[in-house]
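The values are calculated or read from the model by the stated rules, or taken from the named source; none is laboratory data. From a predicted model like this one, the values you see are computed outputs, not experimental measurements. Backbone-built Cβ (ideal geometry, glycine too); neighbour counts: all protein chains shown. The area values use the complete protein model at the heavy-atom level, side chains included, leaving out ligands, DNA and RNA. Shrake-Rupley method; radii C 1.70, N 1.55, O 1.52, S 1.80 Å.
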Amino acid sequence: MLVVHPIDATTDMLCLLYEGVQACRLTQHHSKAEIKHALHHALPAERILLLGHGNDKGLLSRTDANGGADYDRLIISHSHSYYLRRHGHNVVGIWCHADLFAKAEGLHGLFSGMIITEMSEAEEYGIPTTPEELAHENLKLAQRLRALLDEGLPLAMIPQRMASADDAHTPLTTFNYARFYYL
């Protein structure tokens with residue numbers, strides 16, 4: 001498995017998606033050329049996880065792994081799309097608006113829309129929550145997604161299963177669990 005997941009305290013819970021699995025993790029310490037090289041040499045059947053913060057232009061990274069506000073670059077962008085398309089439906093992208101990036105770039109697999117992982121995002125989207133609920137529920141969300149991936153469930157079935165896995169039914173969980181898409 002190839003994982004591109006910048007080191008960032010606010011997305012640490014996503015480490016659960018590949019913890020204990022034979023995986024090559026690339027972070028913000030890798031250049032675009034190194035990431036392209038890894039994508040190029042990954043077997044087409046190999047699952048690729050793209051995790052962290054981002055937007056409709058791609059996956060972002062920042063030098064300050066403790067959650068500093070400034071993003072330095074797009075670590076996955078349009079220039080990586082050719083290599084990602086080679087993996088067919090075996091790409092998993094979990095970052096804010098990954099679905100919009102995937103649609104624009106013709107990628108297939110499991111992608112998230114806007115997922116609230118920081119209090120500033122909850123405030124921006126008008127989702128009432130607390131830091132404690134945010135940390136607890138996002139950990140549960142990552143654990144549930146990992147269980148579905150480990151189960152070998154086809155990626156196409158995961159959005160529906162994630163939506164039904166919400167047992168808290170708070171504004172935060174209702175928002176986050178409904179933001180998984182198979183493209």
Filtered residue count, the stretch 140-168, keeping only those that are farther than 14 Å from ILE94 by Cβ and either touching a strand residue (DSSP E or B) at 6+ places or on another chain (Cβ under 7 Å) or of a type in the set (A, V, I, L, M, F, W, C) (or both): 7
Selected residue (criterion: farthest from TYR82 (Cα to Cα)) from residues of the stretch 16-34 that are hydrophobic (A, V, I, L, M, F, W, C) and open to solvent by 30 Å² or more (accessible area, probe 1.4 Å): LEU16
Condition met for TYR177 (more than 18 Å from MET1 (Cβ to Cβ) and more than 17 Å from the chain's Cα centre (by Cα)): no
Wholly enclosed helices (runs of 4 or more DSSP H) of the stretch 52-160 bearing at least 3 residues without any contact (Cβ under 8 Å) to a residue 12 or more places away in the chain and open to solvent by 10 Å² or more (accessible area, probe 1.4 Å): 119-124, 131-150
Any hit, the stretch 117-124, residues being at pLDDT 95 or above and among the β-branched types (Val, Ile, Thr): no
